[in-house]
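The values are calculated or read from the model by the stated rules, or taken from the named source; none is laboratory data. Model, not experiment: these values are computed from the prediction. Reconstructed Cβ throughout: ideal geometry from the backbone, glycine too, with neighbour counts over all protein chains shown.
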Amino acid sequence: MTLAGQVALVTGASRGIGAAIARDLAAAGAHVVVACRTQREHADAVVADIVSLGGSAEAVTFDVAIGDEVEAVVRDMVARRGKIDILVNNAGMSADGLILRITDEQWQRVLDVNLKGVFHCTKSVTRPMMRARAGRIINLSSVVGVTGNAGQAAYAAAKAGIIGFTKSTARELASRGVTANVVAPGFIETDMTQGLDASARASYQALIPLGRIGRGEDVAAAVTFLAGPGASYITGQVIHINGGLYV
């Protein structure tokens, strides 16, 4: 229970990697705010799972791309809980398409959710964390934010932007005891990857030196480590969770 008594906000936590992160942080003792934009029933199910195992959690609904909504949620958390110790910026989306075909609207929405959302949430928690002279900000990027990927220019640009933003955040907040780091997953088992046919899955898996597709729990373990006391001297770093896909 290394995070006992701490309060964590996890965005995009209703399913997949975000849900795994929420469960892992709760298992370590944190009170977890499970955030989503639309899939409230899934967020409620994650909360129910956590509570059934003796953990503490609640669900909230807001759009990370809308600054006023983010501010209102963080204000309410601090008013009710007295603080916010951990922010995990996991919310994301993709609108895949070749550069010649992607629309301005698709491009903007991907950047609004994946990159502007990280900015809004980070900005909102900065003041209470600075006052407390403690806090952990953990941002989810992607292997494609480092390597790029054909057909994912918008997503790769947003995920690369998260890395630069996090390094700047780390430099700005270090003197106040707040750390900021990136976790960059590779090919992870999610609802989207489960929809691939067997040949496509085999092709992706063949590229991974460890020989298997990652699990949400693999990513969650890294996030919980960065949120815990063992990572107090780590900031501005990118932790790659990809089975050797990118070395």
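Working only within the stretch 83-101, note down all residues that are over 24 Å from ALA20 (Cα atoms) and either in a strand (DSSP E or B) or touching a residue at least 60 places away in the same chain (Cβ under 8 Å) (or both).
GLY97
Taking the condition of being over 20 Å from GLY186 (Cβ atoms), crowded, with 24+ Cβ neighbours inside 10 Å and of a type in the set (Val, Ile, Thr), how many residues in the stretch 111-121 meet it?
Number of matching residues: 0.
Among all residue pairs at least 6 apart or on different chains, which show Cβ distances below 9 Å where the first residue, located in the stretch 201-220, is more than 15 Å from HIS240 (Cβ to Cβ) and the second is of a type in the set (Ser, Thr, Tyr) and part of a loop (DSSP other than H, G, I, E, B)?
So the pair list comes out as GLY216/THR190.
Please verify whether VAL60 is surrounded by fewer than 22 Cβ atoms within 10 Å (Cβ to Cβ), in contact with a strand residue (DSSP E or B) (Cβ under 6 Å, 6 or more places away or on another chain) and outside any helix (DSSP H, G or I), treating the condition exactly as stated.
Here the answer is yes, as VAL60 does meet what is asked.
Could you tell me whether the stretch 130-142 includes any residue that is among the basic types (Lys, Arg), within 23 Å of VAL78 (Cα to Cα), surrounded by 16 or more Cβ atoms within 10 Å (Cβ to Cβ) and under 15 Å from the mean Cα position of the chain (by Cα)?
Yes; the residues of the stretch 130-142 include at least one that is among the basic types (Lys, Arg), within 23 Å of VAL78 (Cα to Cα), surrounded by 16 or more Cβ atoms within 10 Å (Cβ to Cβ) and under 15 Å from the mean Cα position of the chain (by Cα).
If the requirement is being touching a residue at least 24 places away in the same chain (Cβ under 8 Å) and either under 24 Å from ALA19 (Cβ atoms) or hydrophobic (A, V, I, L, M, F, W, C) (or both), which of these qualifies: ARG136, ARG176, ARG171?
The conditions single out ARG136.
Does LEU25 meet the test of being at pLDDT 95 or above, surrounded by 24 or more Cβ atoms within 10 Å (Cβ to Cβ) and either within 13 Å of the chain's Cα centre (by Cα) or not in a strand (DSSP E or B) (or both)?
Yes.
Could you list all residues from the stretch 151-184 that are of a type outside the set (Gly, Ala, Ser) and touching an Asp or Glu at 6+ places or on another chain (Cβ under 8 Å)?
Listed by number, the residues that qualify are GLN152, TYR155.
Hey, can you tell me all the residues within the stretch 6-22 that are within 15 Å of ALA227 (Cβ to Cβ) and part of a loop (DSSP other than H, G, I, E, B)?
GLN6, THR11, ALA13, listed by residue number.
For the stretch 221-247, enumerate the residues that are buried (at least 16 other Cβ atoms within 10 Å of the Cβ), in a loop (DSSP other than H, G, I, E, B) and β-branched (Val, Ile, Thr).
The answer is THR235, and nothing else.
Could you pull out the residue among GLY177, GLY164 that is more than 22 Å from ASN242 (Cα to Cα) and either at pLDDT 95 or above or surrounded by 14 or more Cβ atoms within 10 Å (Cβ to Cβ) (or both)?
Checking each option against the conditions leaves just GLY177.
So, restricting to helices (runs of 4 or more DSSP H) that lie completely within the stretch 102-147, which ones have at least 2 residues that are of a type in the set (Lys, Arg)?
Counting at least 2 such residues, we get 117-132.
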